[in-house]
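Some notes on the structure that comes next.
Any read-out appearing in this document is the output of simple, stated calculations on the displayed coordinates, not a laboratory observation. Nothing here was measured: the structure is a model prediction, and the numbers come from that model. Ideal geometry is used to build each Cβ from the backbone, glycine not excepted, and the neighbour counts take in all protein chains shown.
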Amino acid sequence: MFHEFWNYGIVGRAIAQKHISASTLNIRDCALDKHRVTDDRPYGGGCGMVMKPEPLARAIREAKQQAPSSATILLTPQGRPFNQETARSFAREDGFILVCGRYEGIDERIFYDLVDHEVSIGDYILTGGELAAMIVIEAVTRLIPGVLGGEDSAELDSFSGDLLEHAHFTRPPDFEGQQVPKVLLSGNHREIEKWRFETSVVRTFLKRPDLMENRALTRQEVELLKEWCSRIERIVQAQSACGTDSPSGRQQKRRDHCFGGDKPGSA
Ligand code: 4GS
């Protein structure tokens, strides 16, 4: 699974340019018996198999020898949820050893001495930790200085601040009758920045309100939300003044997707 991964895209280039180094150890190669068995039936019965401790311990010790200052992280749904903050903290470390489990689980005694942290990429069950490890490696690699080649796009992406990214457009200016917002063609950088900030704030509010509920908002964010509040209030008041089923509401054909929903007053 990792052969393609180490050679592909940003991770492949980061390795080729020596921004990072990476290698894989196959736990099966650390099983010393003839059939290279890494799993066994669970004590106490039940379905599913458990990873045997000896090959896993041998693999982790071998990895620790190759990367002595690295913490050992087991990918498991029981771990701490992986997010951009975790990615940033991993990017500051010297390195890490990611342990990818298979089967129902691993023998509990591995945890006592050999695993430092447990990390989960989400609340769902995979058949192996490999894809989870790749997700962690990708998210961390693109934060290593130099990997994204000069431009600061890692910093500007979603979650670098506490807002989702603004809407993006490229050519053509007319795609199947949908126009690029005029402000982006205006060349007015102050206005463009303002528009981008507005799309960020509003789509964060619409798509991921949890990202705003759990932190202190900036003054600009509060100002913007207040402005939208009063716009919405004006619309609601106008509606209740002249009845709720006005034909003009039904005439609007296209939605403005930039904000993750309809932008009041944009029709
Ligand atoms: C995850 C996860 C995972 C759990 C591995 C069952 C095979 C599997 N790993 N985040 N045994 N979610 N691991 O589902 O990290």
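The table for this structure:
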| item | result |
| --- | --- |
| Taking the C-alpha atoms of the chain, convex hull volume expressed per residue in Å³ | 222 |
| Proximal lysine pairs, the chain, alpha carbons under 22 Å, eight or more residues apart or interchain | 13 |
| Measure of compaction for the stretch 10-70 (Cα Rg per 2.2 N^0.38 Å) | 1.52 |
| ³J(HN,Hα), Karplus 6.51/-1.76/1.60, whole Hz, each residue of the stretch 167-172, x for Gly, Pro | 6, 10, 9, 9, 5, x |
| Cα centroid of the stretch 72-111 to Cα centroid of the stretch 16-64, whole Å | 15 |
| Simple label model, 7 Å out from Cα along Cβ direction - L206 to L225, nm | 1.7 |
| Chain lengthening between F111 and S69 when straightened (0.36 nm per residue, less Cα-Cα) | 13.3 nm |
| Placed amide H near V99: partners under 5 Å, 5+ positions off or other chain | I73, L74, L75 |
| The chain: calculated mean residue ellipticity at 222 nm from DSSP helix runs of at least 4, using -39500 (n - 2.57) | -12500 deg cm²/dmol |
| Sorted peptide list for 89-99, 22-32, 199-209, criterion being average Cβ within 10 angstrom, highest first | 199-209, 89-99, 22-32 |
| Computed over the chain: relative contact order in percent, which uses C-alpha pairs under 8 Å that are six or more apart | 14 |
| For q = 0.17, 0.19, 0.23 Å⁻¹, Debye-computed log10 I/I(0) when each Cα of the stretch 1-107 counts as one equal scatterer | -0.98, -1.15, -1.38 |
| Distance in nm between pseudo-label sites at N7 and I232 (7 Å out along the Cβ direction from Cα) | 5.2 |
